[in-house]
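Colleague: Supplied in structure tokens, the structure appears directly below.
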Amino acid sequence: MTSAIPPDDGLPALKEWGAAIAALLAGRQTVLLRKGGIGEKRFTLGRSRFLLYPTVAHSHAESTRADHHDLLAVGARDVRLAPDGAPAAVTVRAVAEVTAAIAVARPDDVAALEPFHVWTTDSVRRNRIDFRPRHQLTAIVLSVRPITTPIELPVLPEYGGCRSWVDLRTGWDTLGGVPVGDPVVEPSALQRIADDVRSAVG
């Protein structure tokens, strides 16, 4: 079944690894782990529904578990590079809605979250726990829907930098709303995953 996000929601987008977005769309990931970018004092969710804006970097390969390496190429196809190697355009394929946002109170137990994401536990510790250790890590359980006609966007200068959120300049009047398909994972299953995450690290 196809529905559409209403125009009054705006166009906030969360920057995330292309491989992780591909995993979310394939049902192989249901949890994001966020602490905020270098330019942010802390990670603030602030929005319950948003687009997922793909990014790529060479370090993603070493941070992704081997059984999910097939997703690296899938995610990379959505970020097209200019001749100088900088991102020139992206394809936005997914809308996410927050099922639960759980503060990680027991980071030593983060390995228990492996069934819910594609990253290695070592990279989670290095990139998300040890990075800015005084900042709280948040586990976000997401309901993801595929966008029926993926959105092609140029990369504008204000979309760059190490930060979590971008406000896409493209307007809803231009897009005519964003038609989306059914959730990749059933809501009842996501609620059980949220309970498991709370039990593991909350």
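The values are calculated or read from the model by the stated rules, or taken from the named source; none is laboratory data. Please read all numbers here as calculations on a predicted model, not as lab measurements. Reconstructed Cβ throughout: ideal geometry from the backbone, glycine too, with neighbour counts over all protein chains shown. Just so you know, the surface numbers come from the protein's heavy atoms only, side chains and all, with ligands and any DNA or RNA stripped out. Shrake-Rupley method; radii C 1.70, N 1.55, O 1.52, S 1.80 Å.
Colleague: When residues of segment 129-143 are filtered for being touching a Pro at 6+ places or on another chain (Cβ under 7 Å) and either open to solvent by 50 Å² or more (accessible area, probe 1.4 Å) or not hydroxyl-bearing (S, T, Y) (or both), how many remain?
Modeller: Number satisfying all stated conditions: 2.
Colleague: Scan segment 189-198 and give yes if some residue there is open to solvent by 70 Å² or more (accessible area, probe 1.4 Å), at negative phi and outside any helix (DSSP H, G or I), otherwise no.
Modeller: no
Colleague: What single numbered condition from (1) loosely packed, with under 13 Cβ neighbours inside 10 Å; (2) modelled with pLDDT of 80 or more; (3) more than 20 Å from T91 (Cβ to Cβ) fails to hold for E158?
Modeller: (3)
Colleague: Here is a list of conditions, (1) touching a residue at least 40 places away in the same chain (Cβ under 8 Å); (2) in contact with a helix residue (DSSP H, G or I) (Cβ under 8 Å, 6 or more places away or on another chain); (3) in a helix (DSSP H, G or I), and V166 meets all of them except one; can you say which number that is?
Modeller: Here V166 meets the rest and fails (3).
Colleague: Confirm whether A66 is loosely packed, with under 11 Cβ neighbours inside 10 Å, at pLDDT 90 or above and within 28 Å of D195 (Cα to Cα).
Modeller: So A66 fits the description; yes.
Colleague: Mind counting the residues in segment 108-128 that are in contact with a Lys or Arg (Cβ under 8 Å, 6 or more places away or on another chain) and either free of Cβ contacts under 8 Å to residues at least 12 places away in the same chain or surrounded by 16 or more Cβ atoms within 10 Å (Cβ to Cβ) (or both)?
Modeller: 5
Colleague: Return the residues of segment 80-102 that are open to solvent by 50 Å² or more (accessible area, probe 1.4 Å) and over 14 Å from the mean Cα position of the chain (by Cα); say none if nothing qualifies.
Modeller: Selection gives R80, L81, P83, D84, P87.
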